[in-house]
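J.: Please find one structure pasted underneath; my questions will follow.
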Amino acid sequence: MIENLSKSKYCKGVQCHKILWLDKYKPETKVETARKSVLENGTKVGLLAKGLLGKYIDVPYNKDLSIMINITNELMKEKPNIITEASFEYNHNFCSVDILKNDLDGVELYEVKSSTDISNIYIDDISYQYYVLTKLNLNVKKACLVYINKDYIRYGELDIHQLFHIEDVTNIVQSNLKNVEANIESINDFMNTYGQNNEPNIKLGNYCFKPYLCNYWNYCSKDLPHQNVFDIVRMHYSKKLDYYNSNVISFEDLSKQDMNKTYLEQIDFELNNLKPKINKDAIKKIMDSLVYPLYFIDFETFQLAVPEYDGTKPYQQLPFQYSLHIIKDESSKVKHKEFLAEIDDKDFIRHFAESMIKDIPDNGSVIIYNKSFEPARLNEIARMYPDLADELQRIISQMVDFLEPFKSRDFYMKEFEGSASIKKVLPALYPNDSDLDYHALPVVHNGEEASDTFLSLRGKSREEQEKLRNGLLVYCKLDTLAMVKIWQKFKEILEE
Ligand code: SF4
């Protein structure tokens, strides 16, 4: 029996036919990775883009696809018009077109994406739609991808013509049509060959990671040995696949290979249970560079595809929270300060910066973890608010990055498993301290959850907000307490 295909099924099938088989017969093995905020961004972009070409008529979603197709057929007669979610089917291949410009002499189709660039899978997506429409004898004059202009800066009213790029990809799509036909045939053959009790045996490949990390990765890689090539941090997946395809998979086998020292080091530490490696000179250097007062700071941010605040761009990292541990001098106790924006505050970025400038008034060291993040955020705020720029530049110039000795592997432990992330480093340094356990936190356990939790405050009662806000505060506080604990560990090492 021929399976019904849709745009999304077709794209999944192009990535790997087995995804469709697993979706059908073993969906419980899927690991859902889509974040609520990312889905909401996509929905918002889709809705906004509908108005891009002018007044439009929407075909409402219906589980019964034939109803959508019938409504479309009626609307198609009223040309010229613009139809959103216009729905078509050819030989069990169904598609809804995001925006269809239905002209007297043919149609133009527009596929909307919430990303800031074009990728091959988008071409596959729109090629499939072009295929369905042309097979139905529609004269498709143009096929375009609509995506986000990352350089758009919002001031005042949102300008959707500035927010979106429209790229005519008709020629590429036309040259891809033979592939579409072949892919549909191949997908249908595959699904007909492999029934419920006949699981296809597909080797792991490039397609497991591209264009997206497959949701079935855990299931399909379950038979790999514990400690295998895919656990090596920093190695590109194409290199990992080279080893996998050469059947050099386990750490034992990999340890005999001539490869980058960093990879071998991770393997050696884990395989041979090695003791921590500590370069005291490097630790001394970073500790000698510190000047009291010490300010241990960490930011939380969120991103919006459609900028809501003046002076911001699509997907700009917008800081809404910081935690700050302060040690005034050698004999002082650790103090804690924090900032968490109100969800309805339109000027929260300025308030974030003003509060931080007030909390870091001196020329001490500002300790961060990952110098590519916090300075970049402060530079963005400085561009938005030039009157704060001098003070923000002062704070940037005081920054010291505690990630460095871990990234350079001047300090390395087998428990880091190749990573320098604070979430790996902290439990390795303090394995028995439950106060430092991110898993034990009540609401928020990582940066992504922090931004989703903050955005979820919208529309909630004050009482509900308080619970979530408390979750955010304790999470961010642990991130900077972690840096204080690392500083203490550095001190202990130098005193030994
Ligand atoms: S993990 Fe790889 S082999 Fe398994 S379904 Fe996904 S893409 Fe296919």
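J.: Once phi is turned into θ = phi - 60°, what whole-Hz ³J(HN,Hα) does the Karplus curve with 6.51, -1.76 and 1.60 give for every residue of the range 80-97, x standing for Gly and Pro?
T.: Coupling constants for the range 80-97: x, 7, 10, 10, 9, 6, 4, 10, 9, 9, 10, 6, 6, 10, 9, 8, 10, 8 Hz.
J.: Still on this model: Run through the range 229-321 and list the trypsin sites (Lys or Arg not before Pro) located in a DSSP loop whose Cβ has at most 10 other Cβ atoms within 10 Å. Could you put the intermediate results ahead of the total?
T.: Details: sites: R234, K239, K240, K256, K261, K277, K280, K284, K285; in loops: R234, K256.
Here the sparse-neighbourhood loop sites are K256.
J.: Also, I was wondering about something else. For the chain, how big is Rg over Rh, using alpha carbon atoms and the Kirkwood form of Rh?
T.: Numbers: Rg = 26.9 Å, Rh = 26.3 Å.
On the Cα set of the chain, Rg over Rh gives 1.02.
J.: Suppose we keep just the alpha-carbon trace of the range 7-190; what are its Rg and Dmax in angstrom?
T.: 16.9, 53
J.: Next question, about the same structure. Please label the shape of the range 362-409 as rounded, prolate or oblate, based on the square roots a ≥ b ≥ c of the eigenvalues of the alpha-carbon gyration tensor (a/c under 1.5 means rounded; beyond that, a/b larger than b/c means prolate, else oblate). Walk me through the numbers on the way to the answer.
T.: Details: a/c = 4.69, a/b = 1.85, b/c = 2.54.
It is oblate, given that a/c is not under 1.5 and a/b is not larger than b/c.
J.: For Cα pairs less than 8 Å apart in space and 6+ apart in sequence, what is the mean separation divided by the residue count of the chain, i.e. the relative contact order in percent? Mind showing how you got there, number by number?
T.: Working: 746 pairs, mean separation 61.8, N = 496.
It comes to 12 percent, rounded to a whole number.
J.: Which percentage, to the nearest 5, of the DSSP beta bridges contained in the range 281-495 is antiparallel? Walk me through the numbers on the way to the answer.
T.: Working: 16 of 22 bridges.
Antiparallel bridges make up about 75 percent of those DSSP assigns within the range 281-495.
J.: Would you calculate, for the chain, the mean residue ellipticity at 222 nm contributed by helices, counting each DSSP H stretch of 4 or more residues as -39,500 (n - 2.57) and dividing by all residues, to the nearest 500?
T.: -12500 deg cm²/dmol
J.: Then there is this: Suppose the chain between K77 and I121 were pulled fully straight at 0.36 nm per residue; how much longer would it get relative to their current alpha carbon spacing?
T.: Working: separation 44, 0.36 × 44 = 15.84 nm, distance 3.17 nm.
My answer for the length gained is 12.7 nm.
J.: Another one. If you split all Cα-Cα distances of the range 281-495 into 5 Å bins from zero, what percentages do you get per bin, shortest first?
T.: Cα pair-distance distribution for the range 281-495, in percent: 1, 7, 14, 19, 19, 17, 12, 7, 3, 1, 0.
J.: Non-local amide H neighbours of V140 (under 5 Å, H modeled in plane, Pro and chain starts lacking H): which ones?
T.: Under 5 Å from the amide H of V140 lie the amide H atoms of V107, each far enough along the sequence or on another chain.
J.: Leaving out ligands and nucleic acids, note down the accessible area per residue over the chain with a 1.4 angstrom probe, in whole Å². Present the calculation step by step, with values, prior to reporting the outcome.
T.: Working: 24640 Å² over 496 residues.
Heavy-atom SASA per residue in the chain reads 50 Å².
J.: Between L264 and A389, 0.36 nm times their residue separation minus their Cα-Cα distance comes to what? The partial results should precede the final answer.
T.: On the way: separation 125, 0.36 × 125 = 45.00 nm, distance 4.43 nm.
Separation in residues times 0.36 nm, less the Cα-Cα distance, equals 40.6 nm.
J.: Classify the range 440-496 as rounded, prolate or oblate, taking a ≥ b ≥ c as the square roots of the eigenvalues of its Cα gyration tensor: rounded when a/c is under 1.5, otherwise prolate if a/b is larger than b/c and oblate if not.
T.: Details: a/c = 4.60, a/b = 3.45, b/c = 1.33.
Prolate.
J.: Still on this structure, I have one more. Lysine pairs in the range 123-265 with alpha-carbon atoms under 20 Å apart, 8 or more places apart or on different chains: how many are there?
T.: 15
J.: To one decimal place, what Kirkwood hydrodynamic radius in Å is obtained for the range 227-334 from all pairs of distinct Cα atoms?
T.: Details: mean 1/r = 0.0532 Å⁻¹.
Final number for the Kirkwood radius of the range 227-334 is 18.8 Å.
J.: Kindly express, to the nearest 10 degrees and within the range 0 to 90, the angle between helix 462-495's C-alpha long axis and the longest C-alpha principal axis of the chain.
T.: Tilt relative to the chain: about 50 degrees.
J.: 5 Å is the cut-off here: which amide hydrogens, built 1.01 Å from N in the peptide plane, fall below it relative to K113, excluding neighbours closer than 5 in sequence?
T.: When sequence neighbours closer than 5 places are left aside, the close amide H contacts are V146, Y147.
J.: Taking the simple approach of a point 7 Å from Cα along Cα-to-Cβ for both D435 and N206, what is their distance in nm?
T.: A separation of 5.2 nm, rounded to one decimal place.
J.: What percentage of the solvent-accessible surface of the chain, computed with a 1.4 Å probe over protein heavy atoms, is contributed by carbon and sulfur atoms? Write out the running numbers ahead of the final one.
T.: Values: 11990 of 24640 Å².
Answer for the chain: carbon and sulfur cover 49 percent of the accessible area.
J.: Relative contact order for the range 7-190 using alpha-carbon pairs under 8 Å, separation at least 6, rounded to a whole percent? Please report the intermediate quantities before stating the final value.
T.: Values: 262 pairs, mean separation 34.4, N = 184.
Result for the range 7-190 is 19 percent.
J.: Using θ = phi - 60° and the Karplus curve 6.51 cos²θ - 1.76 cosθ + 1.60, what whole-Hz ³J(HN,Hα) does each residue of the range 111-121 get, with Gly and Pro shown as x?
T.: 10, 9, 10, 8, 8, 9, 8, 9, 10, 4, 5
J.: May I pose another question? Can you list the residues, at least 5 places off or on another chain, whose amide H is less than 5 Å from the amide H of I367, using H built in the peptide plane?
T.: For I367, the qualifying residues are Y295, F296, I297, V400.
J.: So how do 207-213, 459-465 stack up, highest first, on mean other-Cβ count within 10 Å? If you can, show how the numbers build up before the last one.
T.: Working: 207-213: 15.9, 459-465: 10.3.
Final packing ranking: 207-213, 459-465.
J.: Taking the Cα atoms only, what angle lies between the long axis of helix 36-49 and the longest principal axis of the chain, rounded to 10 degrees?
T.: Its long axis makes an angle of about 40 degrees.
J.: Suppose each label sits 7 Å from its Cα in the direction of the beta carbon; what would the D105-H92 distance come out to in nanometres?
T.: 3.8
J.: Rounded, prolate or oblate: which one fits the range 206-271, using the alpha carbon gyration tensor with axes a ≥ b ≥ c (rounded when a/c is under 1.5, else prolate when a/b beats b/c, else oblate)?
T.: On the way: a/c = 1.95, a/b = 1.62, b/c = 1.21.
Since a/c reaches 1.5 and a/b is larger than b/c, the shape of the range 206-271 is classed as prolate.
J.: How far apart, in nanometres, would the label points at K423 and N179 be if each is projected 7 angstrom from Cα along the Cα-to-Cβ direction?
T.: 3.4
J.: What percent do you get for the relative contact order of the range 281-495 when only Cα pairs under 8 Å and 6+ apart count? Present the calculation step by step, with values, prior to reporting the outcome.
T.: Working: 318 pairs, mean separation 50.4, N = 215.
Once normalised by length, the contact order is 23 percent.
J.: Quick one: order H325, H92 from most to least accessible surface, probe 1.4 Å.
T.: On the way: H325 10, H92 70 Å².
Final ranking, largest accessible area leading: H92, H325.
J.: Calculate one ³J(HN,Hα) per residue across the range 443-458 by plugging θ = phi - 60° into the Karplus curve 6.51 cos²θ - 1.76 cosθ + 1.60, and present them in order as whole Hz with x for glycine and proline.
T.: Those phi angles translate into 10, 10, 10, 7, x, 5, 5, 4, 5, 5, 5, 4, 5, 6, 5, 4 Hz.
J.: For the range 340-409, state which trypsin sites (Lys or Arg not before Pro) are in a DSSP loop and have at most 15 other beta carbons lying within 10 Å of their beta carbon. The partial results should precede the final answer.
T.: Values: sites: K346, R350, K358, K371, R377, R383, R394, K407, R409; in loops: K346, K371, R409.
When the trypsin sites (Lys or Arg not before Pro) of the range 340-409 are filtered for loop state and at most 15 Cβ neighbours within 10 Å, K346 remain.
J.: Two-decimal Rg/Rh of the range 285-398 from alpha-carbon positions, Kirkwood Rh?
T.: 0.98
The values are calculated or read from the model by the stated rules, or taken from the named source; none is laboratory data. On a predicted model such as this, the values are computed, not experimentally measured, just so you know. Please note: Cβ atoms are built from the backbone with ideal geometry, for glycine as well, and neighbour counts cover all protein chains shown. Note: accessible area is taken over every heavy atom of the protein model, side chains too, but ligands, DNA and RNA are not part of it. Shrake-Rupley method; radii C 1.70, N 1.55, O 1.52, S 1.80 Å.
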